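**Student:** So that we are looking at the same thing, I have put the structure below in structure tokens.
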Amino acid sequence: MSEKSPSPVDWAAIEAKPAFRQLLARKARFIIPATIFFLIYYLALPVLVGYFPDLMKKKVWGEVNLAYVFALSQFFMAWIMAFFYVRVAAKWDKAAAEVIHGH
Amino acid sequence: MSVPLIMFLSFVALTLLITFWAARRNTGASAYFAAGRSITGWQNGLAVAGDYMSAASFLGISGMICFSGYDGFMYSVGFLVAYITVLLIVAEPLRNAGKYTMADLLAYRLKPRPVRALASLSTLTVSTFYMIAQMVGAGVIIQKLIHLPFAPAVIGVGVLMLVYVVFGGMLATTWVQIIKALLLMAGAFLLSYLVLQFHDFSFTKFFNAVAHADYAGSAEPKNLLEPGLKFGVEAAGPWGPLDLVSLGLGLVLGTAGLPHILVRFYTVPDAKTARSSVVWAMAIIGLFYIMTTFFGFGAATILKKALIMTADGKPDTNMVAPILAQQLGGETFFAFISAVAFATILAVVAGLTMSASASFAHDFYSNVIHHGKENRPGMEVRVARITAFCVGAVSIGIAIFLGPSVNAAFLVGLAFAVAASANLPVIVLSVFWKRFNTAGAVAGLAIGLISSIVLILLSPNGLFGKAGALFPLENPGIVSIPIGFLAAYLGTIFTPRDLEAEAKFAELTVRAHTGLGSEKATSH
């Protein structure tokens, strides 16, 4: 019931296009390091809080301690990461449109 | 009639109106299951946020922070950071290559029947877990708001939610989510404002009070900003810190496997809109969870302990936010917050039921039993409605069995762990690993699902209680997620290569990364 295009698309041919391979490589160059970074940054929080509570209880601003500051920084890390992702992804959209142009 | 009751009823009336409006626009499966793919980025962002900020977030987390301080705030952090996983890895390929459910993506190049059958089972399981949490939250709210006993309150919620889903479909649940997300943000903002006002708008004063939280003089002061009150070695024993890491892992990877969040990406016209809706959702969700600082920690500085304890002297962890509203803003504000919390639950339950029933009707009924052909037009939608009824009935039953005292955030945390163990490995591997085959997907789904459920049953909260627990962690993620990935990997490499699946990998890759041939929006 999905709409089938009248002329079948040669998927393998598109997949083999250098422009498409390049797009995949560009995506991987951003997504893989970004994923590793955010997972480490995020998991550092429960690890530090769980196993080094005395370090994390150090006060940095009045009663506010390192644990809370690090937790709060996670929100900004997530927002900044999303901001950068959207910026590079817009470039990928253009590249993807060029790849499928004519199909 | 009391003010709370009027507010509550007017919300219900408003949402029923939306449902009625949506019902008239439902013309076919794409409209019913995917809102005609006509939802815009910010609308879907609000709806995703609405689906996400459930009873667990509002009622559960505020209670958890009020009693366990910093360790409860860990839920808030994990709930937001999880969206990076959704944004970077899952949202766009899913939108490009799927139709109505998560299983569409998996069935693309794998053998559809076994994969869909198991994906449907895991969707139903995760949704039911999540739903139980919502039902418990709804029960306690109604109990407090209109003094109904727990069991009839839960049943009432169930009936209402069925009306939305059965008549309205995805368009109605989407709009109910959007309105509820706005109301919830308004409620959270007001509550935070009043808490800060209580502390003379001074952050120094506020954090000082939190660091010497004494529940309005009714308990020994303790520093709620210090980690360890729930997961520390002194509070939880030697396994506590690992339990915290396990919770974190489940939260950050679980969202990308939650069926009711994933289906939201089918309601938008293309991958670009899917992306922008994640960003909208992250903005809203992030603000909301930062505000849990104020109404979670703040509650411990303002409320007397007696107010937030149950009759038998246990912490009433799901009622902290509404009671805080009552103390700070009087009966009307209490009514507003309760109505918002109730709306939240209703909307989330509707979204959950929607995704569960879509999965059963589309994956199991149409594709497994009827080999992908709809034998009679409209049958898929009808089966979805019947499934909605059954899922609702089961979760109502379990919620009544568990009773009002179990924390909603905790229950949802478990749903995340199950989703991360069963769904995420197969989603990721099917998009990024060419060699992945049907046996691997079946193994990953089945073993991820079973291992997470079995570990929950053997945990300190499970069948044998704290003393007899065979598995020391309350949160299974750190063990069950690697098991899910490993099962998918081993299931693949120990079975013959599936050349057909590998040949279709090219097609899936092109579709996922370019959006070529994806499902288009339908015009009304």
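Bear in mind that the values in this text are calculations on the coordinates, not laboratory data. As the structure is a computational prediction, the values presented were derived from the model and not from experiment. Cβ placement follows ideal geometry from the backbone for every residue including glycine, while neighbour counts extend to all protein chains displayed.
**Student:** Which residues does the label zone of B:Ala393 cover in the stretch B:350-366, counting backbone N under 11 Å from a point 7 Å along Cα→Cβ?
**Tutor:** Residues passing the 11 Å test: none.
**Student:** Given 20 °C and 1.002 mPa s, compute D for the protein assembly as shown with the Stokes-Einstein relation, Rh being the Kirkwood radius over Cα pairs; round to the nearest whole µm²/s. Don't jump to the answer; show the numbers that get you there.
**Tutor:** Working: Rh = 24.5 Å.
The calculation lands on 87 µm²/s.
**Student:** Give me the Debye-computed log₁₀ of I(q)/I(0) at q = 0.14, 0.20 Å⁻¹ for the stretch B:312-458, equal point scatterers on Cα only, no solvent, two decimals.
**Tutor:** -0.94, -1.34
**Student:** Tilt of helix B:271-292 relative to the longest C-alpha principal axis of chain B, in degrees (0 to 90, nearest 10)?
**Tutor:** Long axis of B:271-292 versus the principal axis of chain B: about 20 degrees.
**Student:** Next up: For the Cα atoms of chain B, what angle does the longest principal axis make with the long axis of helix B:499-514, in degrees from 0 to 90, nearest 10?
**Tutor:** So the inclination is approximately 60 degrees.
**Student:** I've got another one for you. With r defined as the distance between the Cβ atoms of B:Asn208 and B:Glu502 and R0 fixed at 45 Å, what FRET efficiency is calculated, to the nearest 0.05?
**Tutor:** 0.15
**Student:** Counting each DSSP H run of 4 or more residues in chain B as -39500 (n - 2.57), what helix-only mean residue ellipticity at 222 nm follows after dividing by all residues, to the nearest 500 deg cm²/dmol?
**Tutor:** Values: 23 runs with 361 residues, N = 524.
Per the formula, -23000 deg cm²/dmol.
**Student:** If you fit an axis through the alpha-carbon atoms of helix B:320-358 and take the longest principal axis of the Cα set of chain B, what angle between them do you get, 0 to 90°, nearest 10?
**Tutor:** Tilt relative to chain B: about 10 degrees.
**Student:** Could you sort B:43-54, B:80-91, B:266-277 so that the peptide with the highest average Cβ count within 10 Å comes first and the rest follow in order?
**Tutor:** My ranking of the peptides, most packed first, is B:43-54, B:80-91, B:266-277.
**Student:** Projected area of chain B, taken from the Cα convex hull and averaged over every viewing direction, in nm²?
**Tutor:** With the hull built on Cα positions only, its mean projection is 22.7 nm².
**Student:** Starting from the exponent 0.38 and prefactor 2.2 Å, build the expected Rg for chain A from its residue count and divide its actual Cα Rg by it.
**Tutor:** 1.70
**Student:** Which residues among the stretch B:68-95 fall inside the zone where the amide N is under 16 Å from a point 7 Å beyond the Cα of B:Ala219, along Cα→Cβ?
**Tutor:** Only B:68-73 fall inside the zone, counting backbone N under 16 Å.
**Student:** Report the calculated FRET efficiency for A:Ala95 and B:Ile369 (r = Cβ-Cβ distance, R0 = 41 Å), to the nearest 0.05.
**Tutor:** 0.45
**Student:** List the residues of the stretch B:199-237 whose backbone N lies under 20 Å from a point placed 7 Å from the Cα of A:Val69 along the Cα-to-Cβ direction.
**Tutor:** Counting backbone N atoms under 20 Å from the label point, the list is B:203-212, B:223-228.
**Student:** Could you work out the relative contact order of chain A, using alpha carbon pairs under 8 angstrom and six or more residues apart, expressed as a whole percent?
**Tutor:** Reported relative contact order: 35 percent.
**Student:** Compute the whole-percent fraction of alpha carbon pairs in the stretch B:220-321 spaced more than 19 Å apart.
**Tutor:** 65
**Student:** Rounded, prolate or oblate: pick one for the stretch B:373-490, where a ≥ b ≥ c are the square roots of the eigenvalues of its C-alpha gyration tensor, a/c under 1.5 means rounded, and failing that, prolate if a/b is larger than b/c, else oblate.
**Tutor:** oblate
**Student:** Gap in Å between the Cα centre of the stretch B:128-181 and the Cα centre of the stretch B:225-275?
**Tutor:** Each part reduced to its Cα centre gives a spacing of 23 Å.
**Student:** Related question: With contacts defined as alpha carbon pairs under 8 Å and 6 or more residues apart, what's the relative contact order of chain B in percent?
**Tutor:** Numbers: 1031 pairs, mean separation 161.0, N = 524.
Relative contact order comes out at 31 percent.
**Student:** May I pose another question? Work out the mean other chain Cβ neighbour count within 10 Å for the residues of B:274-280 and drop it here as an integer.
**Tutor:** Going residue by residue through B:274-280 and averaging, the value is 2.
**Student:** With bins 10 Å wide starting at 0, give me the P(r) of the stretch B:77-143 over every alpha carbon pair, in whole percents.
**Tutor:** Going out from 0 Å in 10 Å bins, the stretch B:77-143 shows 18, 31, 35, 14, 3 percent.
**Student:** Next question, about the same structure. How big is the shadow of the Cα convex hull of the stretch B:124-167, averaged over all directions, in nm²?
**Tutor:** 3.2
**Student:** Which of the residue pairs B:Lys144/B:Lys466; A:Lys94/B:Lys520; A:Lys58/B:Lys314 have a Cα-Cα distance greater than 28 Å in the structure shown?
**Tutor:** In this structure, B:Lys144/B:Lys466; A:Lys58/B:Lys314 exceed 28 Å between Cα atoms.
**Student:** Does the stretch B:143-217 come out rounded, prolate or oblate, given a ≥ b ≥ c as the square roots of the eigenvalues of its C-alpha gyration tensor, rounded meaning a/c under 1.5 and, failing that, prolate meaning a/b above b/c?
**Tutor:** It comes out oblate by the Cα gyration axes.
**Student:** Would you list which aspartates and glutamates come within 12 Å of B:Lys99, measuring only between C-alpha atoms, while excluding same-chain residues fewer than 8 positions from it?
**Tutor:** A:Glu3, B:Asp270, B:Asp363, B:Glu519
**Student:** Here's a follow-up. Quick one: divide the alpha-carbon radius of gyration of the stretch B:186-268 by 2.2 N^0.38 Å and tell me what you get. List each step's numbers first, then the result.
**Tutor:** Numbers: Rg = 18.6 Å, N = 83, 2.2 N^0.38 = 11.8 Å.
Compared with the compact-globule rule of thumb, the stretch B:186-268 sits at 1.58.
**Student:** Further question: For a distance above 24 Å, tell me the whole-number percent of Cα pairs in the stretch B:426-524 that qualify. Mind dumping the intermediate values first?
**Tutor:** Numbers: 2114 of 4851 pairs.
In whole percent, the long-distance tail amounts to 44.
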